[in-house]
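Notes to accompany the following structure.
None of the figures in this text is laboratory data; all of them are computed from the coordinates on show. Source: prediction; values computed, not measured. Note: ideal-geometry Cβ built from the backbone for every residue, glycine included; neighbour counts use all protein chains shown.
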Amino acid sequence: MTTALITGGTAGIGLGFAHRFAADGHDLVLVARTPPRLEQAAAELRRRYGVHIDTITADLATPDGCAGVEQHLASASVDILVNNAGHSLPDTYPHSSLADEERMLDLLVRAPLRLTHAVIPHMTKQGRGVILNIASVAGLVPAGTYGAAKAWLIHFSESLRLDLAPQGVRVLAVCPGFTHTEAPHIDTVPDWIWLSVDQVVDQAMKDLHRKAPRSIAGRHFKLYSAAVHHAPRRLAAHMARSRTPKHDI
């Protein structure tokens, strides 16, 4: 029996992966900040799929929160790590407070860095494992500090993928666009652009199976990513400011 640890596993894309892995028979460890939501999500998943589920209450934007999850990764057998916890900010840099900016970077960059570092020894020792880093198509364009953090996560994932492949560990950067989660709906974005959580999860599992470096769900977001990749950087920056797809958990 294999175990998947999912940060931000009580809602949105994290909960979507929890359902997928539980349906496939994996035990789960769910990590989130709010105990009542953790227990509610765990109880529903246990009832529906009959798998074993542990919960860890932790604020991954803090050193102590990360340390608690790192300790679990070092002492338990975790075969799949989903670095999913994160959020964006309502105001662009430098209009958000510096404290809020630093907290977001701690959650989007420092937490995946630390948790990945903690899980790699076990995965490489057993010669197999999966690391899914939930980034965003915002990381493909100049899109403020949120996009910069997601760009770091994409490149971090692709570097790890090359380094760990000989040891049997697969790494995938999942790059959603606008996705229906519990984040506030953006009325200016047409309905046809939005993805469902299941679309993101389904595409990620397909891309993991075929050992792709990145996973982008939705034909329109695939075209978007190709366009910004080939566009002049000034044009790409303009595209990012006029319509930046964000993944917000």
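Some notes on this structure:
- Once you reduce segment 1-70 and segment 115-147 to the center of their Cα atoms, the two points are 17 Å from each other.
- When each of the peptides 14-25, 163-174, 67-78 is scored by the mean number of other C-beta atoms lying within 10 Å of its residues, the order from highest to lowest reads 14-25, 163-174, 67-78.
- When the Gaussian network model of the chain links Cα atoms closer than 10 Å, the mean-square fluctuations of Pro121, Pro213, Pro142 top out at Pro121.
- Hits among aspartates and glutamates - C-alpha to C-alpha of Lys206 under 16 Å, sequence gap 8 or more where chains match: Asp24, Asp198
- Between amide H atoms placed 1.01 Å from N, distances below 5 Å from Thr55 occur with Leu30, all of them 5 or more places distant or on a separate chain.
- Ala143 long-range amide H proximity, modeled H, under 5 Å: Ala148
- Distances between placed amide hydrogens fall under 5 Å for Thr92 paired with no residue 5 or more residues away or on another chain.
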